[in-house]
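The values are calculated or read from the model by the stated rules, or taken from the named source; none is laboratory data. Note that the coordinates shown come from a computational prediction; the quantities given were computed from them, not determined experimentally. When we count neighbours, we look across all protein chains shown, and the Cβ atoms used for this are built from the backbone with ideal geometry, even at glycine. For the accessible areas, the whole protein counts, side chains as well, though only heavy atoms, and no ligand, DNA or RNA atoms are used. Shrake-Rupley method; radii C 1.70, N 1.55, O 1.52, S 1.80 Å.
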Amino acid sequence: MPGTYDHPGEQGAADAIRLLAVRDTPLSLDEVFAAVGDPAAGGTALFVGTVRSHDGGADVDALGYSAHPSAEAELRRVAEKVAADYPVRALAAVHRVGELTIGDLAVVVAVSCPHRAEAFEACRRLIDDLKHEVPIWKHQRFSDGTEEWVGAC
């Protein structure tokens, strides 16, 4: 639970944020993992969201992500809140926009903390808040000719 740590965010939320981006180029697990490396971290949690071939029982043929111009600022706000609520040593989050294919990386987030439990908790909070609060929309096109827009991730 956030706020139950002895020294959450003691190094400062802004200092813990190492990489934030919304980009139209392929994402790199290595880049995100390297960004959260910290000698004081005993646990690192990484989440990778990929484009899947189906959703809600329907086959997905194509998918695209669009972002509002404020998306990076909102991503920073979400990241700062996570870094302030947990003992985060380093944090990184990148989200892809544009047309993606099945198997492409859509989002990669990572958090390093002194211990594994808090790293898992902070990483989950980061991806959940990103999904619900950052204005990024998914446009799915299905093999039956239908399509849908999904708000945020």
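Worth pointing out:
- Separation of the Leu29 and Asp61 label points, Cα + 7 Å toward Cβ, nm: 3.1
- On Cα atoms only, tilt of 116-133 relative to the major axis of the chain in degrees: 40
- Note on Leu46 and His115: the extension gain reaches 23.5 nm, defined as 0.36 nm multiplied by sequence separation minus the Cα-Cα distance.
- Fully extending the segment from Glu99 to His139 would add 13.5 nm, taking 0.36 nm per residue of separation and subtracting the current Cα-Cα distance.
- If R0 is 35 Å, the Cβ-Cβ spacing of Glu147 and Ala73 corresponds to a FRET efficiency of close to 0.75.
- For the chain, the carbon plus sulfur part of the accessible surface works out to 51%, probe radius 1.4 Å.
- Degrees between helix 71-85 axis and first principal axis of the chain (Cα, 0 to 90, nearest 10): 40
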